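So the structure is just underneath, and the comments pick up after that.
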Amino acid sequence: MKKTTFLLSFFAFLFYTQTSSAQNWSTVGTGTNGIINVLDSAMGKLYAGGSFTIAGGIKALNIASWNGTRWDSLKGNINYNVNCMTMYNNKLVVGGGFDSVDGMFISDVATWDGTSWDSLGGNIPVYNSVVNAMVVYNGNLVIGGHFDSINNMPVHNIAMWNGTSWDSLRSGLPSNLYEGVTALAVYNNKLYAAGFFKNPGSTDSVFIARWNGTKWDTLNTNLTRATYISGAFALAVFQNKLYIGGSMMNAPLTDFLVAWNDTVMSSVNLGLTGSVESLYPNNNYLYMVVPLLRFLLANTTILLNGTAQPETH
């Protein structure tokens with residue numbers, strides 16, 4: 001299931017600055033005319049990806065860069081939404097639900113070297129496919145989403161690129177239609193995947209799985225599905241813990257945010273009333289995007305110094 005996220009979409013218009021005495025927002029040009037799903041600093045610029053057609057008053061389809069003074073479009077266009085991006089091997093790798101980049105057939109994963117676009121090791125079949133997350137793990141690029149093959153190799157919602165070829169990570173993380181991997185993170189040298197997929201080796205459904213370099217396991221967390229749209233949507237490493245955000249239930253844990261310390265899962269107990277769609281750690285704060293009214297309003301909650309004292313901004 002692909003969730004529509006509000007991941008830091010307000011940063012299209014604002015920068016948040018923090019000092020010992022004040023916390024302030026400042027504008028970033030005139031922003032975009034649509035949703036921003038992801039931001040990344042690369043090659044001396046801030047790159048924004050999402051679902052928009054204008055950035056800073058100029059035409060920019062779904063991706064744009066900010067040089068500190070103005071917004072710029074990249075050469076060519078990406079025809080559909082951008083969900084994730086990261087630097088790998090001196091290139092910006094972009095993932096999403098697209099099938100055309102700069103007029104070329106490139107499906108769901110593309111690379112930008114600062115001058116031109118290219119594919120990465122072949123394409124993902126277009127039908128019902130999407131890349132939602134990516135992370136660098138042990139020198140390899142891992143992508144996650146909903147897809148069943150890449151470069152004609154069968155995979156299940158996750159794949160790893162070593163700079164030369166793709167690896168399926170054994171059986172991957174099979175799921176039902178439209179479900180799959182929504183977030184990836186590296187914690188204590190292990191790869192974590194969040195979303196909604198089947199328990200490796202069984203037919204049970206789970207929200208999070210861990211890859212230890214040779215096999216998958218599911219942490220024995222027993223996170224269970226509350227509704228059809230339930231799942232784990234976000235991962236972030238903050239103050240030596242892995243935080244998992246989403247819409248899920250795990251008696252006696254009933255919060256929308258839980259923390260994993262490599263041994264035990266615990267509730268953060270913020271009293272949130274909506275699912276955690278995005279997480280972003282910065283210095284002593286963990287930022288969360290929590291929709292109050294779906295598709296209409298987003299509220300950002302700050303976890304201050306890991307003390308479970310939220311602030312809203």
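Bear in mind that the values in this text are calculations on the coordinates, not laboratory data. It should be emphasised that the depicted structure is a prediction, and the values quoted were computed from it without experimental measurement. Cβ placement follows ideal geometry from the backbone for every residue including glycine, while neighbour counts extend to all protein chains displayed.
Couple of notes before you dig in:
- Net +/- balance of residues flanking Pro125 in space, Cβ distance below 15 Å, scoring K and R +1, D and E -1: -3
- Our summary gives the stretch 85-132 a relative contact order of 33 percent, counting only alpha carbon pairs under 8 angstrom and 6 or more residues apart.
- Given Lys190/Lys241; Lys59/Lys91; Lys45/Lys91; Lys45/Lys190, the pairs whose alpha carbons are separated by over 19 Å: Lys59/Lys91; Lys45/Lys190
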